[in-house]
Amino acid sequence: MDRVTKNFGGLTAVNDVSFEVEKGEIMGLIGPNGAGKTTLFNVINGFYSPTGGDVLFKGEKISGLKPHKLCRRGIARTFQVVKPLQRLSVLDNVIASAFVRAHTKQRAEEIALETLRFTHLENDRDVISKGLPLGKRKRLEIARALATRPEMLLLDESFAGLNPSELNESIEIIRRIKEKGITVLIIEHHMKVIMSISDRIVVLNYGEKIAEGTPGEIGSNNDVIEAYLGEAHSA
């Protein structure tokens, strides 16, 4: 990401932000509400075109490409507010995503079943998605993204609202995603999560990058503590 800026009329939501995410790492993206985190995701994901600067993926400029084209290139994402295909089963939700790569129904179902096993949702395969509790709907959102076979996964507050056991299960899933070689960029307010799984963290405040470093460096950074954390956090 090279000097990305996004304006909405006279409002600058993201201002001159640059950073690189290394292949196979987990990069955390944190900051106060309104800092520009989801706007930045929407620029990376193609929902918005940047006002200035460029987004690059594997060395190629992707700024302005539509989300479905970026998905085919290997970038998938989840959303803060999960929106499954509510009248379809869990399995059919994931099958729909698998068609990004699969050319037959049989292959799409194979990918979907493999993904449900990976995200511990295989026992819910026949459940209509609108009947799932929040924790499993969050996992279904991750499963739908994984079924597109991404190289890079953007997670937008996938841990919000989870109880402690669900948090631990989801943390383990994210670590296993990394083990598969998938790069992860994650927005998260839960410091236990972000400090425990991130290789590096970028901090935004008022649309600008104020810090970048390891969890240990970020947790003790005075600018970050003042703008967001309120107190020091250990990695």
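Just so you know, all these numbers are worked out from the coordinates, no wet-lab data involved. As the structure is a prediction and not an experimental result, all values here were calculated from the model. Please note: Cβ atoms are built from the backbone with ideal geometry, for glycine as well, and neighbour counts cover all protein chains shown.
Write down the radius of gyration of region 34-134 and its Dmax, each obtained from C-alpha positions, in Å.
Rg then Dmax for region 34-134, in Å: 16.0, 46.
Please state the charge dipole magnitude for the chain, taken about the Cα centre, from unit charges on C-beta atoms (+1 on K and R, -1 on D and E), reported in debye and rounded to the nearest 20.
1140 debye
Farthest toward the dipole's positive end in region 86-149, which of Leu88, Gly135, Phe118, given Cβ charges of +1 (Lys, Arg) and -1 (Asp, Glu) about the Cα centre?
After comparing all options, I get Gly135.
Using only Cα positions of region 86-149, each an equal point scatterer, no hydration layer, compute I(q)/I(0) via Debye at q = 0.20, 0.22, 0.24 Å⁻¹ and quote the log10 values to two decimals.
Debye curve over Cα of region 86-149, log10 I(q)/I(0) at q = 0.20, 0.22, 0.24 Å⁻¹: -0.63, -0.76, -0.90.
State log₁₀ I(q)/I(0) for the chain at q = 0.14 Å⁻¹ as given by the Debye formula over alpha-carbon point scatterers of equal weight, solvent excluded.
Ignoring solvent entirely, the Cα scatterers give -0.90.
What share of all Cα pairs of region 127-235, in percent, falls into each consecutive 10 Å distance bin?
13, 42, 32, 11, 1
Say we join alpha carbon atoms closer than 10 Å with springs in a Gaussian network model of the chain; which of Arg125, Arg144, Arg87 then has the biggest fluctuation?
Arg87
So if I place +1 on the C-beta of Lys and Arg and -1 on the C-beta of Asp and Glu, and nothing else carries charge, what would the dipole magnitude of region 86-149 be about its Cα centre? I want it in debye, nearest 20. Intermediate values should be presented prior to the final figure.
Values: 13 positive and 8 negative charges, 47 e Å.
In total the dipole reaches around 220 debye.
Taking the Cβ of Ser158 as the center, what net charge do the other residues with Cβ under 11 Å away carry, scoring Lys and Arg +1 and Asp and Glu -1?
Values: positive: Arg77, Arg137, Lys138, Arg139; negative: Glu141, Asp156, Glu157, Glu166, Glu188.
Summing Lys/Arg as +1 and Asp/Glu as -1 gives -1.
Sequence gap at least 6, Cα distance under 8 Å: using those rules, report the relative contact order of the chain to the nearest whole percent. Don't jump to the answer; show the numbers that get you there.
On the way: 456 pairs, mean separation 61.2, N = 235.
Contact order relative to length: 26 percent.
Considering only Ile75, Pro32, Ala211, whose Cα is most displaced toward the positive end of the charge dipole of the chain, charges sitting on Cβ of Lys, Arg (+1) and Asp, Glu (-1)?
About the Cα centre, the residue reaching furthest to the positive side is Ile75.
Within 10 Å, count the other beta carbons around each residue, average over each peptide in 38-44, 12-18, and list them highest first.
Numbers: 38-44: 22.4, 12-18: 19.1.
Descending mean neighbour count gives 38-44, 12-18.
Scan region 159-235 for chymotrypsin sites (Phe, Trp or Tyr not before Pro) in coil per DSSP, keeping those whose Cβ has at most 15 other Cβ atoms within 10 Å, and list them by number. Let's see the in-between values first.
Working: sites: Phe159, Tyr206, Tyr228; in loops: Phe159, Tyr206.
Filter output for region 159-235: Tyr206.
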